[in-house]
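The values are calculated or read from the model by the stated rules, or taken from the named source; none is laboratory data. Just so we're clear, the structure is a prediction, and the values are computed from it rather than from any experiment. Glycine also receives a Cβ, built like all others from the backbone with ideal geometry; neighbour counts cover every protein chain displayed. The area values use the complete protein model at the heavy-atom level, side chains included, leaving out ligands, DNA and RNA. Shrake-Rupley method; radii C 1.70, N 1.55, O 1.52, S 1.80 Å.
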Amino acid sequence: RAKADGRDGFRAFAADMDTSARAITVLESDLRRALVRNEFELHYQPQVDLATGRIVGAEALIRWRRENGDLVSPGEFLPRAEENGLIVPINEWVLREACSQAASWPKLGLPPIRIAVNLSGVQFRKVDVRQVVLDALEASELDPTRLELELTETILLQDTGTVVGQLKALQERGVTFSIDDFGTGYSSLAYVKNFPVDRLKIDRSFVDNLKNDANDAAIVRAIINLGHSLDLEVIAEGVETAAQVAHLRAEGCDEVQGFYFGRPMRAPDLVELVRRETLLVRTA
Ligand code: C2E
Ligand code: MG
Ligand code: MG
Ligand code: MG
């Protein structure tokens, strides 16, 4: 019996190995094909100014629309794309697409809101990010001051000299930078000092429990004060409730982003949302 179990167990294990190995190869070639077939799409999540209540920006978030119609979230394919380097062409596509979308908005009568794009540390190791961004700006004719690049700790932990040089060159053209998931890293204070940062994005893990966790509330207050002392703007991500909005406003947070104001949405929906808001303000 034990022996039989063992054999069956092994067979099941071997079959699993086989499936997962195959799944990995398929996923990799799928990703390649997805690029060629243009199966990626960007969804845009509004960023709201707490002082005016108006949409002042949008973060571009990638999704993968598979042939069967399934929408795959970035957490499910970006880690693999970072492993196999496909993140480089994928994020180049993201930059070009986001910039040309944003460049079209004023032509549709919208105010010139900001567009935020996430970068990956792998890009900095493999290509000249400065050139990639400049190319996307040039191709789209987007005003560089409307582009914000979101950096994470994995980027800021790398060979500081190269990264800082590339970011500074972009900053000179008017591009702005935010530190994403701020507060979750190891040496956040050093980043703020060494990199040309314009905005801190409070990680949503601190926003989640704002009402019940005194430590989270203290951390949020500390990040806002730190940011303002250094002349940086502060935005909170993952804002889902009116209570969180009220708390963040009372603490002096500049901007908010989260399901409370809008889920990531297709470009036409964002355009519609901003347009309605603009009309309301004009007729008020
Ligand atoms: P992130 O940059 O921190 O983006 C915020 C994530 O939180 C998004 O998940 C967004 O949909 C989600 N979110 C927004 N508001 C709320 C809320 O109120 N509640 C909750 N529970 N979640 C909220 P998403 O779209 O799945 O993206 C996950 C991560 O994937 C992003 O985290 C970012 O690190 C990465 N990512 C997305 N698009 C790109 C891209 O084009 N390039 C790169 N390199 N990374 C990307
Ligand atoms: Mg982000
Ligand atoms: Mg974030
Ligand atoms: Mg986060």
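Does anyone have the angle between helix 214-229 and the longest principal axis of the chain? Alpha-carbon axes, 0 to 90°, nearest 10? With rounding to tens, the tilt is 60 degrees. Expressed as a whole percent, the accessible area of the range 71-149 that falls on carbon and sulfur atoms is 49 (1.4 Å probe).
Charge dipole of the range 155-223 (Cα centre as origin; +1 on each Lys and Arg Cβ, -1 on each Asp and Glu Cβ, all else neutral): 220 debye, rounded to the nearest 20.
The orientation-averaged projected area of the convex hull spanned by the Cα atoms of the chain comes to 19.3 nm².
Candidates 35, 99, 84 compared by Cα position along the dipole of the range 26-130: farthest toward the positive end lies 99, with charges placed on Cβ.
What fraction of the DSSP beta bridges in the range 63-214 is antiparallel, stated in percent and rounded to the nearest 5? Taking every DSSP beta bridge with both residues in the range 63-214, the antiparallel ones total about 15 percent.
For the range 185-278, the convex hull drawn through the C-alpha positions has a volume of 123 cubic angstrom per residue.
By the compact-protein rule of thumb, 2.2 N^0.38 Å, the alpha-carbon radius of gyration of the range 35-133 corresponds to a ratio of 1.18. Estimated from helical segments only, the mean residue ellipticity of the chain at 222 nm is -17000 deg cm²/dmol, where each DSSP H run of four or more residues counts as -39500 (n - 2.57).
Label separation (residue 67 vs residue 134): 4.0 nm, computed from points 7 Å beyond Cα along the C-beta direction.
Scanning residues 5 or more positions from residue 47 or on other chains, those with amide H under 5 Å from its amide H are 56, 57, 58, 59, with H placed 1.01 Å from N in the peptide plane. Spin-label pair residue 214-residue 49: with each label point 7 Å from Cα along the Cα-Cβ axis, the two points sit 3.7 nm from one another.
Each Lys and Arg adds +1 at its Cβ and each Asp and Glu adds -1 at its Cβ; summed about the Cα centre, the range 74-179 shows a dipole of about 180 debye. Between the listed residues 219, 188, 72, the Cα displaced farthest toward the positive end of the dipole of the chain, a dipole computed from Cβ unit charges relative to the Cα centre, is found at 72. Rounded to the nearest 20, the Cβ-based charge dipole of the chain about its Cα centre (Lys and Arg +1, Asp and Glu -1) stands at 440 debye.
Considering only 45, 119, 243, and ranking their Cα positions along the charge dipole of the chain that arises from unit charges at the beta-carbon of Lys, Arg, Asp and Glu, the one farthest toward the positive end is 45.
Under 30 Å of direct C-alpha separation, and excluding same-chain neighbours fewer than eight residues apart, residue 193 reaches these lysines: 126, 168, 201.
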